[in-house]
Amino acid sequence: MTVSQQTLDEIALSRTEYEMIIDRLGREPAPLELGLFGALWSEHCGYKHTKALLRTLPSSSKRLLVAPGAENAGVIDLGDGLAIAMKIESHNHPSAVEPFEGAATGVGGIIRDIFAMGARPIALLNSLRFGQPDNARTRYLLNGVIGGISSYGNCIGIPDVGGEIFFSDSYNGNPLVNAMCVGLIENGKVASASAREAGDLLLLVGADTGRDGIHGASGLASKGFEEEAEMRSAVQVGNPFLEKVLIEACMEALELPGVVGLQDCGAAGITSAAIEMAERSGMGLKLFIDRVPRREKGMTPYEVMLSESQERMLIAVTPGGETKVFELFDRWDLDASVIGEFELGSNVKIYDEGEQVCSTPVITLTDSPEYKLASSKPAWLDALQKVNMNAIPMPSMPPTKVMLKMLGSPNIASRFPIYQQYDYHVQTNTVIEPGGDAAVLRLKGSKKGIAISTDCNSRICYLDPSIGASIAVAEACRNISATGAAPIALTDGLNFGNPETPDVQYQLTESIAGITRAADAFNIPIVSGNASMYNESLGSAIFPTPIIGSLGLLEDAEIHATVGFKSQEDIIVLIGTDSCWDEINDIAGSEYLELIHGKVEGQPRLDLDLEVRTQEVCRKAIKAGLVTSAHDVSDGGIAVAIAECSIIGGIGAVITKALPKRWDAGMFGESQSRILLSLDNKNIDQLESIALSHNVPMTIIGFVKGDSLEFGDSLSIPLTVASEAWQNGFNLATSE
């Protein structure tokens, strides 16, 4: 049988990979088998270009209960019989084709990964990237994605408590939609996506199977695509009300004595879910696909195996235990069907109407190729890093206008227009709402709380993938530390361009090295994650975007800090530096440099040792009750951080340090490892003592006072004016 190049392109297999399949099987694959290989060897499922690098990520911790990659999500022990399951995952390409359903089903998929671990989902976050907001298509994608996220999360009753959004030309043709979910496990009851013994039955529960999502993992998420391509049939359609019922039924089913395994039907549908269960169980598997409930007539075995219809789960049940499962799911008005049986052996055997349509070794299907990546630094990047920042002219606008323009930038302005669409108080656990550095949730029945956040500065990663990825880890942890919580685990969402190109291979290699270096510095593991490649359009790759989701632990959820200034006459202190103002080289990759000068260039810097020590000082000061507010300094620099603290708190600030000659760099430079604190003057000596004991520099820069923002004698902006720019900036930038 000669397979056409068009067929291979549809399933994202190369001719070389096809020849590899023939070599491993000792024969040509049947058409159904070829579809299985296309799905399981896809970049989305097989991690061909990243799995060697992913093995280098730090994954050891005394809190780690499930090894990364071993199950559907990572699990971290919180103590007292509590644990958190966490993961971030992308749905970029589906969202580019059909933004509402693409984003909605991305949320649905990550939720299923979490409750497949036996965890009850308690919070959602999202990390989003779009092209410039003055573009009509960008606004269409933005509104669709936000609508899909809010619709699914609100309907299913899980609070969306945080995230981030960033606009850049880099994403004009390829938005990024990364969803993160955390779930709570009580009494150590972690579920596994595996069977125990030969003879265990495989049940499919939930929605009927249709033709939606076929080739979603291979054809859509594992190769480049053109904007005009008609690929809507590869985008799944979600039903959050059905998933809500599915969560409750599955959580209840895990309490039944005969239920031994639970698996999500996500990318590649039954193909990936069932065959990976067989691999994890070390057994063969018989699948009877004529037993799969279908909502469309005339579906072929190929279509049934590769459908990515949503709201479906697989359950492994001991023989005889299926009766109680049927009764339970019937009570929840959900379908449940026995579609397979685990057996001794090493093959997956697929039957249709009593006829065996294929028999293939499980390990051959799941052992995708592994490619070694180049790591040569491109000459164009070296040139960008060596640009002389002193040659950047002073802005033509006065400081007041630059400040207001910065506050109104869609990359800095308040995200309230987004998160007002989310029900972030459902489940009544939210302590710190969206809009702060990190969300904080209480854990009912315990004094403990968790802080969660996502972060990544894509511009910085473009200028230096290694340092940029380390900064992504540092900022994600800094967000956590600014609430008072201790970072204990990370999940990574790796979003890159075409991994077959040398530049992207360099970016991937360096980014993962940077994540590793930073995670090691913080001594915390990467417990789960996702890699999304081929994020490009019209031949241009996105900025490298290694998004970091972070989890922090509060031993007492009531002891935490928030962003807003609280009290008149409080002292404003900057820790992590002995200078209030940044220098000219600190505008490298900054929002100021792109917004005002239209440039993305320079060499980012990070002192990881100082970063770790600064965050520890912040946490200790909060735990000791010394500070009344805390805010990390990041996008927009110190001036924007001060303004945000004042606007959110409703109180002005007087900065007593005179502005430097290069006031633009001083105010809007984005050097790392800085946290802005406010505190009562009586606590300043104790804070200085803590900082000194950790060898962390600090400086008093002013005090909380009045109803304006005062920067030395050079700049005064009424708080109402600054607030209007910040609160209205997003809507103004994204409206027609």
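What follows draws every value from the coordinates through simple rules; no lab data is involved. Treat the numbers as computed from the prediction; the structure is a model and nothing was measured. Neighbour counts are summed over all protein chains in view; Cβ atoms, including those assigned to glycine, are modelled from backbone coordinates with ideal geometry.
Numbers for the structure displayed
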item	result
Gain in span if fully extended, ASP9 to GLN568, counting 0.36 nm per residue against the direct Cα distance	194.8 nm
Förster-model FRET efficiency, 22 Å R0, LYS297 and GLU28, C-beta, rounded to 0.05	0.15
Alpha-carbon centroid distance for the pair region 635-697 / region 431-508, whole angstrom	22 Å
Ellipsoid semi-axes in whole angstrom, largest first, where each is sqrt(5λ) of the Cα gyration tensor of region 348-404	62, 22, 7
Cα gyration tensor shape of region 358-476, rounded if a/c is under 1.5, else prolate or oblate by comparing a/b with b/c	oblate
Alpha carbon convex hull of region 542-606, volume per residue in cubic angstrom	197 Å³
Measure of compaction for region 573-672 (Cα Rg per 2.2 N^0.38 Å)	1.13
Karplus (6.51, -1.76, 1.60) ³J(HN,Hα), θ = phi - 60°, over region 208-215, in Hz, Gly and Pro reported as x	6, 9, x, 8, 6, x, 4, 6
Amide hydrogen neighbours beyond the local backbone of ALA123, cut-off 5 Å, H modeled	VAL182
Residue-count net charge about SER453 - beta-carbon cut-off 12 Å; Lys, Arg +1, Asp, Glu -1	-4
For region 599-736, alpha-carbon Rg over 2.2 N^0.38 Å	1.13
Förster radius 60 Å - calculated FRET efficiency between ASP330 and ASP382, Cβ distance, rounded to 0.05	0.40
Prolate/oblate/rounded call for region 643-714, Cα gyration tensor, a/c under 1.5 rounded	oblate
Cα convex hull volume per residue for region 245-401 (Å³)	276 Å³
Cα-based equivalent ellipsoid of region 56-178: semi-axis lengths in Å, sorted from largest, via gyration tensor	30, 16, 11
Unsatisfied cross-links (Cα-Cα over 31 Å) in the set LYS51/LYS286; LYS599/LYS705; LYS623/LYS657; LYS87/LYS623; LYS661/LYS682	LYS599/LYS705; LYS661/LYS682
Helix-only mean residue ellipticity at 222 nm for the chain, each DSSP H run of n ≥ 4 adding -39500 (n - 2.57), per residue, nearest 500	-10500 deg cm²/dmol
Trypsin sites (Lys or Arg not before Pro) restricted to region 409-453 and DSSP loop, no more than 15 other C-beta within 10 Å	LYS444, LYS447
Cβ-derived FRET efficiency at R0 60 Å, THR428 paired with SER579, nearest 0.05	0.85
Karplus 3J(HN,Hα) series, Hz, for region 367-372 with 6.51 cos²θ - 1.76 cosθ + 1.60 (x for Gly, Pro)	8, 5, x, 10, 9, 8
Cα-derived Rg to Rh of region 249-310, Kirkwood definition	1.00
P(r), alpha carbons of region 1-63 - 5 Å bins starting at zero, rounded %	4, 15, 25, 20, 12, 8, 6, 5, 4, 1, 0
In Hz, Karplus ³J(HN,Hα) per residue of region 104-113 (6.51, -1.76, 1.60; θ = phi - 60°; x = Gly, Pro)	4, 6, x, 5, x, x, 5, 5, 5, 4
Two-decimal ratio, region 415-574, of alpha-carbon radius of gyration to 2.2 N^0.38 Å	1.17
Most to least packed among 187-200, 522-535, 553-566 [average Cβ atoms within 10 Å]	522-535, 553-566, 187-200
Cα→Cβ-extended label distance, 7 Å offset, between ASP169 and THR501, nm	1.5 nm
By average C-beta atoms within 10 angstrom, highest first, the peptides 55-65, 703-713	703-713, 55-65
Ranked packing of 25-37, 416-428, most packed first, by mean Cβ within 10 Å	25-37, 416-428
Matching label, percent of Cα pairs over 47 Å apart computed from the structure shown, candidates (i) 49; (ii) 18; (iii) 27	(ii)
Space enclosed by the convex hull of the alpha-carbon atoms of region 389-440, per residue, Å³	109 Å³
Flagged links, alpha-carbon separation over 30 Å, of LYS244/LYS620; LYS48/LYS444; LYS62/LYS349; LYS62/LYS448; LYS377/LYS405	LYS244/LYS620; LYS48/LYS444; LYS62/LYS349; LYS377/LYS405
